[in-house]
1. In whole Hz, with x marking every Gly and Pro, tabulate ³J(HN,Hα) for the range 47-62 from phi via Karplus 6.51 cos²θ - 1.76 cosθ + 1.60, θ = phi - 60°.
2. Students often check this: by mean Cβ neighbours within 10 Å, which of 146-154, 112-120 ranks highest, and how do the rest follow?
3. Scan around residue 361 for amide H atoms under 5 Å from its own, H built in the peptide plane at 1.01 Å from N, and keep only partners 5 or more places away or cross-chain.
4. Order the peptides 339-352, 254-267, 31-44 from the highest to the lowest mean number of other Cβ atoms within 10 Å of their residues.
5. Of the listed pairs 120/148; 156/258; 43/258; 148/258, which have alpha-carbon separations greater than 20 Å here?
6. May I ask you to evaluate 6.51 cos²θ - 1.76 cosθ + 1.60, the Karplus curve with θ = phi - 60°, for each residue of the range 250-256 and list the ³J(HN,Hα) values in order in whole Hz, giving x for glycine and proline?
7. Name the residues whose placed amide hydrogens come within less than 5 Å of the amide hydrogen of residue 162, ignoring near sequence neighbours (fewer than 5 apart) on the same chain.
8. Near the amide H of residue 57, under 5 Å away, which other amide H atoms are found, from residues 5 or more places off or on another chain, if H is placed in the peptide plane?
Amino acid sequence: MSRERPRVVIDNSSRGDRVDVEALLADRGTEIIVCCGSGGVGKTTTSAALALRAAEQGRTVCVLTIDPARRLAQSMGLTELDNTPRPVAGVEGAGSLDAMMLDMKRTFDEVVERHASPEKAQQILQNPFYIALSSSFAGTQEYMAMEKLGQLHAEKQYDLIVVDTPPSRSALDFLDAPERLSSLLDGRFLKLLLMPAKGPARLLSAGLGLVTGALNKVLGAQFLTDLQTFIAAFDTLFGGFRQRAEATFSLLQADETKFVVVAAPEPAAMREASYFVERLAGERMPLAGLVVNRVHSDADDGITTAGAEAASAQLRQRSDADADIAADLLAVRADRLAVSGREDHQRRSFATAHPSVPTVAVPALAADVHDLDGLRQIGDLLVGTP
């Protein structure tokens, strides 16, 4: 049975077919902007440029990157980022900009220390299972991103938080992270390990004793002891984890949050952009629009790809050096026109599939962005004032 495509929630900051980035950043009702997209499309640069422009408009901004790559620090002239917001120097205007990079384990440790008694927190932090869970369990990074985002928003220190998410489809895994973690901690086997041996549970506990006895032989008694200790200590915290995650999920659906999907004009990246748009629609997340980075365009001077190729081939039949130079230039022109044509096709295909999604195209720059001036240039291109 076919499913109807979910309705895309479009934010009112969109104007016509183009994302009104200036209005989006100026709107004090927008408190969170989440940038998502596949890897290598300029998502980190877009996040930093949006944050810088908002700060220079007078807003108090924090940009949070979940991507372990350190491109955000480099683009803002910082030597490093960590779990503590650091001020970015050189911001012009009345606003301010802090930047930070999610430290998954440190965030997890902070949550345990904040919500458990000192004795219980020490038990959890030293437990081998907690160390494994907080360092490498699938979904922990995304779950901790929700914790950190909820934490920053609740502190009310910033009037805008810009979130730079990990590359590829994992950028939206933080929507599933609470359920994934609860599946681990709510698993039947783990609950049986904690079941008290009294009342009707005695029969189950007796049977479980045979199972755990066998596991002791295979895994070792210390393994199950550590596991039981971890679950018993962590169980009291889990309700709070889930409650906060659900609150952050609701925040992502609220009017004060806007999602910006970032792509490059290439088939794989535009397919991922379509996935993000449809997933956000299914989750009722407010979408501000699509940013297409590194777009190549040429002046419409009447020359076609085929015409440039034919002229180049004709000139190569001549034997003089000037003709060879002209032929090379026409070949370059033909290549650029072909690239521009392919990119236009990708953008038109997306617009046909998602006619209600406003878009802004950012031209390709000659060099990578690595400082605040470069970010300001990107910001100008985003609002249409190159």
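1. 4, 5, 5, 4, 5, 5, 5, 5, 5, 6, 8, x, 8, 9, 10, 10
2. Output ranking for 146-154, 112-120: 146-154, 112-120.
3. Hits under the 5 Å cutoff: 292.
4. Top of the packing list down: 31-44, 254-267, 339-352.
5. As for pairs spanning more than 20 Å Cα to Cα, those are 120/148.
6. For the range 250-256, the Karplus curve yields 5, 4, 5, 8, 7, 5, 6 Hz.
7. For residue 162, whose amide H was placed from the backbone, the distant partners under 5 Å are 33, 62, 63, 64.
8. Here the answer is none, since no amide H 5 or more places off falls under 5 Å of that of residue 57.
The numbers here are math on the coordinates, done by the rules we state, and not lab data. Just so it is clear, the model here is predicted, and its values are computed rather than measured. Please note: Cβ atoms are built from the backbone with ideal geometry, for glycine as well, and neighbour counts cover all protein chains shown.
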